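Read the figures in this text as sums done on the coordinates, not as results from a lab. Please read all numbers here as calculations on a predicted model, not as lab measurements. Virtual Cβ from ideal backbone geometry, glycine too; neighbours counted across all protein chains shown.
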Amino acid sequence: MKDTSRLDKLSGLPEIKFPTPPNLPSLRKPNTPPSEILDTLDSHRKPKRMSMSQRKERYQGGPHGRIQMHGAHVRQEGKTVKLTNCRHTKIYKDSTEQEDNASFTFTFDNEDEAYSWLVSMAYGGATRD
């Protein structure tokens, strides 16, 4: 059997010539120190004004907030419990914030656990829908 694994052994193929690469400039390290290059680049950039709002700080191990159940509505839909029309108080180190008509959706592993939380929220003062 004839070995055809090499192209140079195949007869009848035209000879392929590749063009010579163009003359490229030589790449040399610039004589300018990198710090001067960075200073030049920085001088051409426009300074950006960054205005970040102060983020309110929370207690590390303390409460993050509370939900008032009185006047809220709670209903179960399968493994989820939806709490609507409640007052949510966010607690920070130096202040608190009130949010009226807040809504929350809680998702549980099974329907029994969701029902247990529904009953607990209703016992806490929420109206069952």
Environment charge of LYS56, counting only residues whose C-beta is closer than 12 Å and scoring Lys/Arg +1, Asp/Glu -1: +1
query: Each label point is 7 Å from the Cα along the Cα-to-Cβ direction; what then is the distance between the points at ARG87 and GLU99, in nm?
result: 1.6
Protection proxy ranking of 109-116, 55-62, 83-90 - average other beta-carbon atoms within 10 Å, highest first: 83-90, 109-116, 55-62
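Summing +1 for each Lys or Arg and -1 for each Asp or Glu, what net charge is found among the other residues whose Cβ lies under 13 Å from the Cβ of THR105? Don't skip to the end; give the middle numbers.
Values: positive: ARG75, LYS79, LYS82; negative: GLU77.
Spelling it out: positives minus negatives among the neighbours equals +2.
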- line: Interchain or sequence-distant (5+) residues whose placed amide H lies within less than 5 Å of the amide H of THR127 are GLY71, ALA72, HIS73, VAL74
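Which order do the peptides 94-100, 76-82 come out in when sorted by mean C-beta neighbours inside 10 angstrom, highest first? Could the numbers behind the result be given before it?
Details: 94-100: 9.7, 76-82: 15.0.
Averaged packing, sorted descending, gives the order 76-82, 94-100.
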- prompt: Between ILE16 and SER116, what is the label-to-label distance in nm when each label sits 7 Å out along the Cα-to-Cβ direction?
  reply: 7.2
